[in-house]
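Here the structure is laid out as structure tokens; the discussion comes afterwards.
The values are calculated or read from the model by the stated rules, or taken from the named source; none is laboratory data. Keep in mind the model is a prediction, meaning the values are calculated, not measured. Neighbour counts run over all protein chains shown; Cβ positions are idealised from the backbone, glycine included. Surface accessibility is based on the protein's heavy atoms, side chains included, excluding ligands, DNA and RNA. Shrake-Rupley method; radii C 1.70, N 1.55, O 1.52, S 1.80 Å.
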Amino acid sequence: MSASSTHSRILEVEGLSASYGHVEALRPVNLHVEEGELIAVLGPNGAGKSTLMNAIMGLVPTQGRVTFRGRDVPRRAPAAAAALGIVLVPEGRGIFAPMTVAENLELGAYLLSDKREYARRYERVLSLFPRLKERLTQTAGSLSGGEQQMLAVGRALMSEPKILLLDEPSLGLAPRVIEEILQKLGELNRQGLSIILVEQKAPLVLKLARRAYLLSVGSIAAEIDPRTIKSHDELAHYYLG
Amino acid sequence: MFDLVAQSILSGIGVGAIYGLIGIGFCVIYNASGIVNFAQGAFVMLGGMLTHAGMTKLGLPLPLAAIGAIAIVALSGVALERIVVRPLWNRGSTMFVMILATLAAQIVVERLTLIAAGDQPRTLPVFTDLPPLRVFGFAINFQFLWIVGCSAIVIAGLALFFSSTKTGKAMRACSINRDAAALQGIPVSRMLALAFALSAGLGAVAGILITPTQYTAFNVGVPFAISGFIAAIVGGFGRPLGAFMGGILLGVAQALAIVFLGAAFKNVAALSILLLFLFVRPTGLLGSAK
């Protein structure tokens, strides 16, 4: 049982902790993602959600272990993690604002050299986000917030990730735009992409997520099954303890 | 009088182009890492000295000696990054420490060159040994054409590299947001090494181009680095094109100061321009990059 279940795990995080200088920002965390699963990481501002994402990628010094399909993900080497197929759309999107939309997408496929495969991915991303197609030669910084988020997701998809990590994609966006982006993420998940979705606004993602981890003051407070959450009060109970 | 002024403006443009190339070297490393590399002058000095050594010690023709020198200096740029900058970077040292370390590297290279090659100034033959061209009564010597021509080619090549190649775009991405670049799988540290190589190569080109009109010795690096640094500030730090414009402005101002005020005022002119910009337009001609 355990052998087969670890086999279907795309990502496994064991005792992962992180600190900035002497400040411990993340206490040892365990979580896992099954192949094709969309999980949510919820928690209030400052709970350590972004630190957890950065820790998985190795952007910050960490202790503990991250394995991808049974292989160790190197620490302090985000480019190597990306090469394995773990791609993070960071908090604040991290688009290259002075560069054009097309250049941003091109850099998303930095590790790819096959031209035909590149053209295929490019078409796929532009058909998923048709609005980007009209803006290819504009600088990324001139896009609206929603379009920038689409660009950030599109850029991540250019690398054809095996698992996509999204750090608060809803941040600063209008409800209608959030809904559009979440709907695309649901679509990608149904096509088989494993996703970790970090959100502060839990109701947004509980419909999408199979499981949710609740993060509170730097450690996992609970693992919850979204189907059992019936009301906001019940969720508030998890937030407030 | 008019002739003299026009003639000195011309020579100022030549020297200014050299300052500009050195200034661009500052920008390339600064954009990639935020480090102001004070070892930039060492690259300029090594360019001239190694070309001279290649010609006299190995008997190489000038073009071969020059290309060899540029390659060696570019590699020494990588070595600087690996040996001096990287260990500090990985340890999370502050910018100030890394900048100071490059200054230390400048001194080490300068002293090693003194030990290896002595303190005698050397020069290179002019690239094209023909009498100056006469255009509208002005004498334009061929070395001026070499300097301006090579600078233009180098700048056009750099612009093309940063705008059209994947590696160039990746380097720009690193300068915009290093973490986001790494998340795309871009090898950020290799890009940093490449920035040092490019910048060192630019310094070497500058050193080789200018040596026939002046001389080179173990200690020419620092004055050139200072001029290139001023050019970069005047242009808007981190803006390669701005640095080149700043270099030309600086070169012309120095040339005019020599004509009207005397040779002693050369550095006064340079520092005055620096102060003027710091007071009136601290972000430089094009606005600083960060």
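So is residue B:167 open to solvent by less than 10 Å² (accessible area, probe 1.4 Å) and in contact (Cβ under 8 Å) with a residue 12 or more places away in the chain or not? No, not satisfied.
Scanning region A:63-76 for residues that are away from chain B (no Cβ under 14 Å) and assigned to a loop (DSSP other than H, G, I, E, B), which turns out farthest from residue A:160 (Cα to Cα)? Going through the qualifying residues, I end up with A:70. Considering region B:253-273, and only residues there that are at pLDDT 90 or above and open to solvent by less than 30 Å² (accessible area, probe 1.4 Å), the residue that is farthest from residue B:31 (Cα to Cα) turns out to be B:257. The residue list A:46, A:108 contains one member that is modelled with pLDDT under 95 and of a type in the set (Gly, Ala, Ser), which is A:46. In this structure, is residue A:79 at the interface with another protein chain (Cβ under 8 Å from one of its Cβ atoms) and not in a strand (DSSP E or B)? Considered against the rule, which asks whether it is at the interface with another protein chain (Cβ under 8 Å from one of its Cβ atoms) and not in a strand (DSSP E or B), residue A:79 comes out as yes.
Residues to consider are B:171, B:245; find the one that is within 30 Å of residue A:157 (Cβ to Cβ), in contact with a Leu (Cβ under 8 Å, 6 or more places away or on another chain) and more than 10 Å from chain A (Cβ to nearest Cβ).
On the way: B:245 fails: within 30 Å of residue A:157 (Cβ to Cβ).
B:171 is the lone residue from the list that is within 30 Å of residue A:157 (Cβ to Cβ), in contact with a Leu (Cβ under 8 Å, 6 or more places away or on another chain) and more than 10 Å from chain A (Cβ to nearest Cβ).
One residue stands out among those in region B:174-186 that are modelled with pLDDT under 95 and facing chain A (nearest Cβ under 9 Å): the one that is surrounded by the most Cβ atoms within 10 Å (Cβ to Cβ), which is B:176. The set of residues in region A:82-100 that are more than 9 Å from chain B (Cβ to nearest Cβ) and over 18 Å from the mean Cα position of the chain (by Cα) contains only A:100. Of the listed requirements (1) more than 14 Å from every other protein chain (Cβ to nearest Cβ); (2) surrounded by 14 or more Cβ atoms within 10 Å (Cβ to Cβ), residue B:115 misses just one: (2). Residues in region A:126-162 that are among the hydroxyl-bearing types (Ser, Thr, Tyr) and in contact with a helix residue (DSSP H, G or I) (Cβ under 7 Å, 6 or more places away or on another chain): 2 in all.
Comparison of B:124, B:64, B:75 shows that the only residue that is modelled with pLDDT of 90 or more and over 27 Å from residue B:15 (Cβ atoms) is B:75. Suppose the filter is free of Cβ contacts under 8 Å to residues at least 12 places away in the same chain and either assigned to a helix (DSSP H, G or I) or away from every other protein chain (no Cβ under 14 Å) (or both); does residue A:180 pass it? Criteria not met by residue A:180. Checking the stated criteria, residue A:25 turns out not to satisfy the condition of being at pLDDT 90 or above and assigned to a strand (DSSP E or B).
In region B:42-96, the qualifying residues are those that are hydroxyl-bearing (Ser, Thr, Tyr) and within 22 Å of residue B:110 (Cα to Cα), and the one that is most open to solvent (accessible area, probe 1.4 Å) is B:56.
Pick from A:137, A:100, A:67: which is under 28 Å from residue A:55 (Cα atoms) and of a type in the set (Ser, Thr, Tyr)?
One residue alone meets the criteria, A:67.
Among the residues making up region A:214-232, a single one is at pLDDT below 65 and assigned to a helix (DSSP H, G or I): A:232.
Residues in region A:111-141 that are of a type in the set (Phe, Trp, Tyr), open to solvent by less than 40 Å² (accessible area, probe 1.4 Å) and within 13 Å of chain B (Cβ to nearest Cβ): how many? So the answer is 0. Within region A:83-110, the set of residues being open to solvent by 10 Å² or more (accessible area, probe 1.4 Å) and assigned to a helix (DSSP H, G or I) comprises A:83, A:84, A:102, A:103, A:106. Go through (1) within 21 Å of residue A:201 (Cα to Cα); (2) surrounded by fewer than 23 Cβ atoms within 10 Å (Cβ to Cβ); (3) out of contact with any strand residue (DSSP E or B) (no Cβ under 6 Å at 6 or more places or on another chain) and name the single condition residue A:37 misses. Checking residue A:37 against (1) within 21 Å of residue A:201 (Cα to Cα); (2) surrounded by fewer than 23 Cβ atoms within 10 Å (Cβ to Cβ); (3) out of contact with any strand residue (DSSP E or B) (no Cβ under 6 Å at 6 or more places or on another chain), the one that fails is (3).
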